[in-house]
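Just so it is clear, none of the values below were taken in a lab; they were calculated from the coordinates. Owing to the predicted nature of the structure, the values given are computational and were not obtained by experimental measurement. Positions of Cβ are backbone-derived with ideal geometry, glycine not excepted, and every protein chain shown enters the neighbour counts.
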Amino acid sequence: MVEILGLGLNRFQGRVAPEIGKLCPFNVEMSANELQAEDEQGWEFFTLFTNCTRLQLIDLPLNRLGGVLPTSITNFSTQIQWLSIAANGISGVVPSGLGNLINLSNLDMGENDLHGVIPEDIAKLTNLQVLLLANNQFSGNIPSSFGNLTQLQLFSLSNNSLDGPIPRSLGNLKNLPSLDLSSNLLTGFIPTEIFGLPSLTDYLLLSDNYLSGVIPAQVGSLKNIQTLNLSKNNFSGEIPAAIGGCVSLVWLGLADNSFTGSIPNSFGNLRGLNTLNLSRNSLSGTIPQELGNITGLQELFLAHNHLSGMIPKVLESISNLVELDLSFNILDGEVPTRGVFANMTGFSMAGNHGLCGGIRELELPPCQDMPQKRWHRGLLRIVLPIAGTAICISLLLFVLFLLKWKVTSEKTKTDSFIGLTDKYPRVSYLELFEATDGFAPTNLVGEGKYGSVYKGSLSLPTLRNTSVAVKVFTLQQSGSSRSFLAECEALRQVKHRNLIDIITCCSSVDTRGNDFQALVFEFMPNYSLDRWLHQQTDEQLHKLNLIQLLNIAVDVADAIDYLHNNSRPSVIHCDLKPNNILLDSDWTAYVADFGLSKLIGESMNISGSYSGSSIGIRGTVGYVAPEYGGGGHVSTAGDAYSFGVTLLEMFTGRAPTDDMFIDGLSLHLFAEMALPDKLTEIVDAVLLEVQPYENTANYDKILACLASVVRVGISCSKQTPSERMSMKDAAIELHGIRDVVKENYV
């Protein structure tokens, strides 16, 4: 009689012979092969195992079983203790009835394509020590009854589509050393009961959700936890000083939230911390000297905040610090030269225009005159607003005297301009003229309906030798001034890592006395996405690979999702297309050109449309939503349409205005008709090269991912607005697709 059927870690391929299911051993170990079971016949061996009354373990992970999960999984003997079918690509729903397997201690269904709600009756398995359901497509709420699984020692529901709140009942899992609920759609506060789990020592991962509220002081109770990741949520308020009591922390992530206030000095107590990430918040104040107490710190990320003052010299004495990102704050003063500051590869400080000194490669001004400069800057902060106010009043009186009928529009212009110049450095027409060599044609990098974009280099005290893109508006073009004001208003309202960040603006007159309006942005060395999708015959550019395209798609989806759902007020872009997607040196994508955008605030109705008056067509032919052509109201669904078309263009290599799209054929229909059997006929051939994939199995997974991307594009670009996928759902889908591709891409 067979006791153990050990066939694991081989390279067995194909279907499993049904007769194996009749052997009825104690343990079945068949992991890490290439076994297949696409249909009911392929799963027959598995169903026959359910007749084995003494079977205690069945271990089938890391195969290619696939197909729909058979309902027979609920029919195993109550003697079974271990059941793993992870990493197989199995689809379908988990049937009710698993709660009958009362002796089960390990249940692993992770890394499949299972969907639907998680069955409540799993909560009956009170002997469970391991419950892994991560990397599937489960939806609905986390069952509150899971609080009954008090023996759990490993629990992960990450990378699903679970929504609703985190159940307070999870505070009953007193034996749990780790909890991973990251990358879902969870909302609400973190229950304080979670912070009271006495055995939570390994990690608490809640990142990539929609959790909100403040972090309570009870977080300090996690004195033995090693990893705490709350990044990419909607948390607000101040970072609690109580985190300084989590003295066992090795990794702390609080990035991509809306935290305000200063960095707690108590972080200096985290002597064992290796990584601290506070990027992309709204933190202010100075960088605490106490961070120098964290002698083992290896990575410190503080970028994209409002931190001010000098860089603490104590940071250069942290010998283990190999990566430090302080970019895009308002730091000033001398840059240290030792430690991490001695090597530009590990130190980033872009966007801090008051810094001086440092190593020669930084090309910063010397600091010997800094005391006088600080005094002058303080004086200028007093004098400039007074002088500016006097000038504005004089100009306003002049305009009122000459052009009374323009009072309303001029007030709007002045208000918008003040809203920007209060926050950003001032720059004149002559400075922009010099920066672009007189707006020379050789510096022209792009043209549009409302203006032209020039590359330049500014040499102001606050912007030393910064490569910039200067967008000069053609004010003779009807609607150009309105586009300038719309872009100013939108850009001062929004803040996201994938939205173009304005450096400053200029509303002045040129040397001939004509009105002059321009916006200044950071220059993007890889220009626009359109340049890489549709290369000119004289250009020798490489094609973007699959990972690059997916990263760009995720970046853009995240940005538009933010505009629709997390910006206050909400923003509709109205002109999303490859020309308005810019790429920096590491291929990070930034959505640009808000000249047609609409701030909708409280005017958004339940359908996601703007309830103001109809404005006709907004956008570009081929990308503009069809309902806009009939005078429909702008809506988030309109942006989703533009994104869907852009996504299809990225992966097929065909623009929506291609000559082939005639007689009713569109890019949407072209893609829709190709699925599921003719995918390889429409996808850009570069993405189908076999070389980047390790083996045929990986290539098949990549093809499935490409099909999923195309489906997202199709879902977003449907003719009827109500049928389109939302940008939030599109972003979630694309994140999941990218994760799978990265696992199978060499």
Query raised in the report: Where both partners of a DSSP beta bridge lie in the chain, what percent of those bridges are antiparallel, to the nearest 5?
Result: 30
Query raised in the report: Can you give the alpha-carbon Rg of the stretch 214-366 over 2.2 N^0.38 Å, where N counts its residues?
Result: 1.00
Query raised in the report: Taking Cα centroids, how far is the stretch 466-542 from the stretch 108-167 in Å?
Result: 48
Report task. Before anything else, pin down the relative contact order of the stretch 57-137: Cα pairs under 8 Å, at least 6 apart, normalised by residue count, whole percent. Result -> 29
Report task. Quickly rank 642-650, 132-140 as a protection proxy: mean count of other C-beta atoms within 10 Å, highest first. Result -> 642-650, 132-140
**Report entry** Two-decimal Rg/Rh across the stretch 107-233, once Rg and the Kirkwood Rh are taken from alpha-carbon atoms
**Finding:** 0.93
Query raised in the report: Going through the DSSP H helices of the chain, which span 15 Å or more along their own axis at the Cα atoms while scoring at least 0.5 as a mean Kyte-Doolittle hydropathy?
Result: 370-402, 546-565, 636-652, 696-716
Report summary line: Rounded to a whole number, the Stokes-Einstein D of the stretch 186-257 in µm²/s (Kirkwood radius over Cα pairs; 37 °C; 0.692 mPa s) is 273
Query - Computed over the stretch 495-572, Cα set: Rg, Dmax in Å - result: 17.3, 50
Report summary line: For Arg426, Arg512, ascending order of other Cβ atoms within 10 Å (fewest first) is Arg512, Arg426
Report summary line: In whole angstrom, largest first, the equivalent ellipsoid semi-axes that the Cα gyration tensor gives for the stretch 16-170 are 25, 18, 12
Query - Residue-wise HN-Hα coupling along the stretch 150-165, computed from phi with Karplus coefficients 6.51, -1.76, 1.60 (Hz; x: Gly, Pro) - result: 6, 8, 4, 10, 8, 9, 9, 10, 5, 6, 10, 10, 6, 10, x, x
Report summary line: With the convex hull built on the alpha-carbon atoms of the chain, volume per residue in Å³ sits at 180
Query raised in the report: Which pairs in the list Lys495/Lys728; Lys701/Lys728; Lys678/Lys701 are over 21 Å apart, alpha-carbon to alpha-carbon?
Result: Lys701/Lys728
Query - Those GluC sites (Glu not before Pro) in the stretch 1-82 that DSSP places in a loop and that have at most 10 other beta carbons within 10 Å - result: Glu3
Query - Rg [Å, one decimal], Dmax [Å, integer] - the stretch 59-103, C-alpha atoms - result: 10.9, 28
Query raised in the report: What is the Cα radius of gyration of the stretch 33-111 over 2.2 N^0.38 Å, N being its residue count?
Result: 1.00
Query raised in the report: Among Val470, Val322, Val340, Val740, which comes first, second and so on when ranked by fewest other beta-carbon atoms within 10 Å?
Result: Val322, Val740, Val340, Val470
Query raised in the report: How do Arg738, Arg568 line up, fewest other C-beta atoms within 10 Å first?
Result: Arg568, Arg738
